[in-house]
Each structure stands twice: as C-alpha cells, then as structure tokens.
Amino acid sequence: MAQTRRKRRTKHRGNAAGMVESRGRTGRKPTAAEKSGSAAEAARAKEKRLERADRPPTWRGAFYRGLLAAGVLALLSGLVLNAKAGQTVAYFFVGLIAYTPISFYSDQWIFNRRQRNKAKRGGKAAPR
C-alpha cells in the first residue's frame, strides 16, 4: 500500500517546554560583516558588564551616588515637608555626608562577596 502522508523533510526541533532551539551554523565561517551583528554586540556588552563588576568601588562613585540621594532627599524635604530653603540645604548636606560612606561600604561589601564567590568557582565569570 502506498504511503498517503508526505514525509517530514526537517527534524522537529522543539523541546518538552515547547521552545524551538536553533541548531546554529553548520556551513561556512561567517564573514566580518556577519560577525559584527547583534550577537557580537551582546557578547561585548556582557564582557563590559563583567569587567565593570570586577572593578573595586571608588569614593568618587560613592560621592556621585551620595549627591544623587542627597538631591532626592532635599527635593522631598522641600516638596513633602514644606521645609524652608535653609532647612532644605541642611538636609542636602546631611544626606550627602550620610549617604556617601553608606554607598561606598555597601559597594565594597558587594564587591568583596563577588570576589570571594569568583575565587570559589576558580576565577570564572558568574553564570547568568
């Protein structure tokens, strides 16, 4: 008896969750123009992120974050608490003095924890 159904020409590539996974390149090597596409950009962005996470925290970065937090504190004190101008300026400087070391030492704690975990894994980057 002749077969009535057409045979499938390609494999089903779905997994149990229903996601279709592509097989990747199996032919020729990609050209330079093909390599500079979104995959290369994503790899560069990931490398940059990991490199930034491996830099130790600085007081300058903590100071800028403290400036931002103190500015928000001053803005909220002026708008929500209806503080006078002198009080708002005082809140700004108190916030700056308080938030800068808090920001630095919390960044340092996160950095040290990341370095410890990286050393346990043998220097490999964090899996994502």
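The values are calculated or read from the model by the stated rules, or taken from the named source; none is laboratory data. Because the structure is predicted, anything quoted here is derived from the model rather than measured. No Cβ is skipped: glycine too gets one built from the backbone with ideal geometry, and neighbour counts run over all protein chains shown.
Quick notes
- Flag for Asp54 being at pLDDT 90 or above, among the acidic types (Asp, Glu) and closer than 22 Å to Lys118 by Cβ: no
- Top-ranked residue of the stretch 79-88 - restricted to ones that are of a type in the set (A, V, I, L, M, F, W, C) and assigned to a helix (DSSP H, G or I), ranked as surrounded by the fewest Cβ atoms within 10 Å (Cβ to Cβ): Ala85
- Criterion: closer than 30 Å to Arg113 by Cα and modelled with pLDDT under 75 - qualifying residue of Ala62, Ala33, Ala40, Ala98: Ala40
- Any hit, the stretch 69-78, residues being part of a helix (DSSP H, G or I) and under 25 Å from Arg114 (Cα atoms): yes
- A search for C-beta distances below 8 Å between a residue of the stretch 16-40 that is of a type in the set (Lys, Arg) and any residue that is modelled with pLDDT under 70, counting only pairs 6+ apart in sequence or on different chains, returns Arg23/Arg13.
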